[in-house]
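The values are calculated or read from the model by the stated rules, or taken from the named source; none is laboratory data. All of these numbers come straight from a predicted model, not from anything done at the bench. Cβ placement follows ideal geometry from the backbone for every residue including glycine, while neighbour counts extend to all protein chains displayed.
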Amino acid sequence: MGVQGLLTFMNRNDYFEIHKLKDTVLVIDGYNLIYQQFFNNQQRINDHMYGGDYDQLARHVQQFFKNLHKCNIHPIVVFDGAIDPSLEKLQTMLKRVDLSLNSAHKIYANNYCTEGIMPSLADSIYRLQLEQLKIPVFQTCYEADRTIIQIAHELECPILSNDSDFLLCNLPAGIVNLQSLFDFDVVVHRDSDEDYYYLRCRYYHVKNLRRSYPKINLDLVQIIGFILGNDYVDSEIIVMFTRRISSYKDRQKLISDVLRWIAQHDTLKSLIHQMSQILKSADHQLIKIIKKHYLLLENPIDNEKPISHQIYLEKNMSRLFIQNINIPTWMHSKFVRKQIHCRLLTITNVRIDWCRPLVEDFSYPQSSYETSNELMRFIYGILRSQDKNIAKIKRYCRRNREFKAQPITPIIDLDKKLLPKLSEIERLSPQERKNIFFKILKINPEIHKSLMKLLEGRLKKNFSIDPDMIIPFSSMLIALLFMLRNFSDHIWLEFVYAIYMNLWFTGYLCRGINSPLFLKLDSISRQTLQNNLIQFSSLPVLSYSKVYMPRLVHFYNVFQICVENIDFLGQILDLKHLFNADIMLCALKGTFIYNLTVDLCSRPKPFLYIQQLVQRQQFKPLDIFIEMLDLILRESDRCMLVKNLSSVDSDVVPKHLTCKITNTILPNRKYFVRSFDFTSKKTHVNSQKLKLQK
């Protein structure tokens with residue numbers, strides 16, 4: 001994230017200039033862009049409180065890059081990879097994740113938080129949109145900063161980022177401040193005189209520092225990051241040193257004094273020599289960190305200027321992204337293209353799995369990731385390095401209000417046979433890999449066959465559906481079934497109805513958004529259906545009589561984590577032809593699921609109301625719609641919780657399911673939690689507070 005106070009220092013001293021951004025290659029700090037764009041959008045809407053509206057996110061991504069294209073800007077997007085095995089940034093990461101966890105709890109406790117929590121699948125949405133727009137997207141093995149700097153140096157193009165670390169590098173084309181694009185609303189302007197399009201932004205080059213420090217060696221400016229504390233250096237380590245070169249406690253004056261001190265040295269050698277005298281040790285930790293991480297930019301290996309950035313990337317792919325990557329060769333290209341999750345390297349090399357905080361119901365002591373616990377233990381088993389003395393995985397995850405590491409034992413046996421290691425996957429036949437996939441999920445392959453028969457046999461033959469959506473749609477249903485089988489607490493039947501509706505009628509939930517369309521209807525039916533469903537896509541207006549229910553968002557996040565982890569298993573087993581939810585991810589709409597669930601809970605016959613929404617008489621695939629839902633509920637083999645037993649749609653729900661629908665809690669449960677049943681102005685407006693003791 002950079003040096004604290006440095007960006008403020010640059011702005012106060014006018015080192016940034018207003019610039020017309022056009023006609024250039026632009027290297028983009030991927031995760032920086034994701035977070036900046038997301039949080040800028042959340043200043044206007046708070047859909048993150050409901051787990052994420054991915055159709056909206058996809059639209060913002062598309063528009064941003066279309067604006068770049070209009071200005072003849074050629075982006076290269078580079079993402080960070082796994083956690084570095086040195087773990088030098090672990091404490092910094094833990095401090096940041098505590099802030100996210102506090103924000104998540106604020107949403108739970110106060111029903112509102114402007115900071116926002118990144119939805120779990122946002123990362124995948126960005127990758128999919130970039131692929132669709134044919135924009136080069138890459139993932140480094142570990143930290144991406146050095147690769148981003150190297151590309152910008154060799155292509156002589158600017159970097160787009162808010163990370164102040166980049167401001168310290170002596171790059172030929174400087175830095176474009178990412179926030180400034182949003183400050184100017186990412187609006188495309190046209191120069192009427194010279195007839196070109198451009199984006200207004202704030203631009204910086206390190207040579208601007210010479211206005212105040214004329215003798216400074218620009219290659220040594222990056223030392224300020226180590227002296228003042230960046231992601232590698234804790235400020236407590238270097239406080240004794242800064243006291244020797246500056247008497248100021250004010251951060252801005254301290255930065256100025258450190259730059260003056262750096263300007264007194266011509267070379268890195270002389271600077272380190274004086275630093276060792278001040279610290280009275282040539283082996284001080286600060287000096288070791290500088291020697292290890294000081295970035296000396298070298299000329300490209302191939303001095304011949306590349307014809308285009310595409311050719312450059314193709315020729316230098318291995319050098320930039322694949323060096324020292326210890327995964328099977330068949331995975332290299334997919335990993336670099338971000339088609340395999342970077343968790344793969346974190347788990348194999350560092351033995352850590354990082355489960356970042358989400359919006360959740362904190363009355364559950366376990367996080368949304370707990371439902372996939374056994375699945376992940378199998379994945380850890382596949383990613384083991386040996387068959388004996390298996391090392392446990394440190395899984396960092398929320399427990400109550402703390403983010404802790406829990407030691408997790410990998411599972412290495414499946415049906416009394418040893419699970420194959422990652423290096424052995426390539427030698428397995430597709431059928432063997434498929435068998436392992438379903439055995440790990442504990443789902444009978446016949447269920448998948450039944451789904452595919454309904455989709456390819458009856459639905460595709462008799463109705464108009466997008467054939468490219470069949471595997472993504474079936475993948476989502478498999479993930480839903482997995483969630484229903486593995487979630488440890490009661491699941492509300494109304495939530496299952498709502499998420500099922502979201503999957504079936506993607507593309508009809510909002511106007512003006514180009515979402516994937518699973519079911520193609522005629523224009524009249526489409527308009528009517530859209531009119532019926534669009535009411536559930538607006539952000540809820542919360543009040544004492546209409547309280548926020550974090551449990552619904554918890555359910556939704558559990559489902560998303562199931563999709564993500566099953567997809568991760570599919571990536572490892574190379575089974576994208578079997579499980580690939582990619583296209584359907586943009587269809588998930590948290591506000592729709594939330595609103596429809598709340599509405600259904602207030603109705604005496606919720607499934608009958610669903611049929612009214614989809615135009616029961618005119619909706620020809622209704623039989624398949626019900627049969628597919630029946631299959632998922634029947635195979636889930638669990639009780640479903642509804643508002644009251646009288647609300648069961650006995651006339652529309654299959655008879656064999658009514659015995660699995662209950663409004664009672666099992667004997668070992670003390671509380672029946674349904675906040676909308678018990679609301680009072682005297683009670684706190686959160687669902688976790690509204691419990692009725694049985």
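Among the criteria (1) modelled with pLDDT of 95 or more; (2) over 24 Å from the mean Cα position of the chain (by Cα), the one residue 481 does not fulfil is (2).
Residues checked against (1) closer than 20 Å to residue 5 by Cα; (2) modelled with pLDDT of 85 or more; (3) in a strand (DSSP E or B):
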site	(1), (2), (3)
201	no, yes, yes
214	no, yes, no
219	no, yes, no
224	yes, yes, no
240	yes, no, no
243	yes, no, no
253	yes, yes, no
260	yes, yes, no
277	no, yes, no
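In the set (1) farther than 24 Å from residue 127 by Cα; (2) of a type in the set (A, V, I, L, M, F, W, C); (3) in contact with a strand residue (DSSP E or B) (Cβ under 8 Å, 6 or more places away or on another chain), residue 418 fails one condition alone, (3). Residues that are of a type in the set (Gly, Ala, Ser) and either within 18 Å of residue 580 (Cβ to Cβ) or under 15 Å from the mean Cα position of the chain (by Cα) (or both) within the stretch 113-155 comprise 116, 120, 122, 124, listed in sequence order. For the stretch 1-116, the helices (runs of 4 or more DSSP H) that sit wholly inside it and include 3 or more residues that are in contact with a helix residue (DSSP H, G or I) (Cβ under 8 Å, 6 or more places away or on another chain) are 6-12, 30-42, 54-70. Using the structure shown, decide if residue 407 is under 29 Å from the mean Cα position of the chain (by Cα), over 24 Å from residue 121 (Cβ atoms) and at pLDDT 95 or above. The answer is yes for residue 407.
For the stretch 402-438, a residue qualifies if it is aliphatic (A, V, I, L, M) and under 30 Å from residue 365 (Cα atoms), and the qualifying residues are 405, 408, 411, 412, 414. When 372, 363 are checked against the criterion of being closer than 15 Å to residue 565 by Cβ and of a type outside the set (A, V, I, L, M, F, W, C), a single residue qualifies: 372. Within the stretch 446-504, being acidic (Asp, Glu) and either more than 15 Å from residue 552 (Cβ to Cβ) or crowded, with 22+ Cβ neighbours inside 10 Å (or both) holds for 446, 456, 466, 468, 494. Inspect the stretch 359-375 for any residue being outside the structural domain of residue 566 (by TED's automatic domain parsing), among the hydrophobic types (A, V, I, L, M, F, W, C), within 20 Å of the chain's Cα centre (by Cα) and modelled with pLDDT under 95 and give the result as yes or no. Checked against the condition, which is being outside the structural domain of residue 566 (by TED's automatic domain parsing), among the hydrophobic types (A, V, I, L, M, F, W, C), within 20 Å of the chain's Cα centre (by Cα) and modelled with pLDDT under 95, the stretch 359-375 yields at least one hit. Would you check which residues across the stretch 263-274 are part of a helix (DSSP H, G or I) and over 14 Å from residue 294 (Cα atoms) and list them? Within the stretch 263-274, 263, 270, 273, 274 meet the criteria. Of all residue pairs spaced 6 or more apart or on separate chains, none has beta-carbon atoms under 6 Å together with a first member in the stretch 397-423 that is under 12 Å from residue 387 (Cβ atoms) and in contact (Cβ under 8 Å) with a residue 12 or more places away in the chain and a second member that is assigned to a strand (DSSP E or B) and among the hydroxyl-bearing types (Ser, Thr, Tyr). Residues in the stretch 85-103 that are closer than 29 Å to residue 550 by Cα and basic (Lys, Arg) were compared, and the one that is surrounded by the most Cβ atoms within 10 Å (Cβ to Cβ) is 96.
Taken over the stretch 237-295, the criterion of being among the aromatic types (Phe, Trp, Tyr) and buried (at least 17 other Cβ atoms within 10 Å of the Cβ) is satisfied by 241, 261. Let me confirm something: among 503, 539, which residue is touching a Ser or Thr at 6+ places or on another chain (Cβ under 9 Å) and either of a type in the set (A, V, I, L, M, F, W, C) or not assigned by TED's automatic domain parsing to the domain that holds residue 438 (or both)? On inspection, the qualifying residue turns out to be 539. Out of the residues in the stretch 535-589 meeting the condition of being small (Gly, Ala, Ser) and in a loop (DSSP other than H, G, I, E, B), tell me which one is modelled with the lowest pLDDT. Looking at the filtered set, the residue picked out is 545. Within the stretch 377-431, the set of residues being of a type outside the set (A, V, I, L, M) and part of a helix (DSSP H, G or I) comprises 377, 378, 380, 381, 423, 424, 426, 427, 430, 431. Within the stretch 135-144, is there a residue that is more than 13 Å from residue 34 (Cβ to Cβ) and in a helix (DSSP H, G or I)? Within the stretch 135-144, not a single residue is more than 13 Å from residue 34 (Cβ to Cβ) and in a helix (DSSP H, G or I). Look at residue 89 and say whether it is over 15 Å from the mean Cα position of the chain (by Cα), within 19 Å of residue 123 (Cβ to Cβ) and in contact (Cβ under 8 Å) with a residue 60 or more places away in the chain. Spelling it out, residue 89 is indeed over 15 Å from the mean Cα position of the chain (by Cα), within 19 Å of residue 123 (Cβ to Cβ) and in contact (Cβ under 8 Å) with a residue 60 or more places away in the chain.
Residue by residue, here is whether (1) on the phi > 0 side of the Ramachandran plot; (2) surrounded by fewer than 22 Cβ atoms within 10 Å (Cβ to Cβ); (3) free of Cβ contacts under 8 Å to residues at least 12 places away in the same chain; (4) touching a Ser or Thr at 6+ places or on another chain (Cβ under 8 Å) holds:
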residue	(1), (2), (3), (4)
553	no, no, no, no
581	no, no, no, yes
610	no, no, no, no
616	no, yes, yes, no
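For the stretch 315-323, state whether one or more residues are modelled with pLDDT of 90 or more, surrounded by fewer than 16 Cβ atoms within 10 Å (Cβ to Cβ) and among the small types (Gly, Ala, Ser). Checked the stretch 315-323: no residue is modelled with pLDDT of 90 or more, surrounded by fewer than 16 Cβ atoms within 10 Å (Cβ to Cβ) and among the small types (Gly, Ala, Ser).
Table: residues versus (1) in a helix (DSSP H, G or I); (2) over 24 Å from residue 379 (Cβ atoms); (3) not charged (D, E, K, R).
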site	(1), (2), (3)
443	no, no, yes
447	yes, no, yes
457	yes, yes, yes
479	yes, no, yes
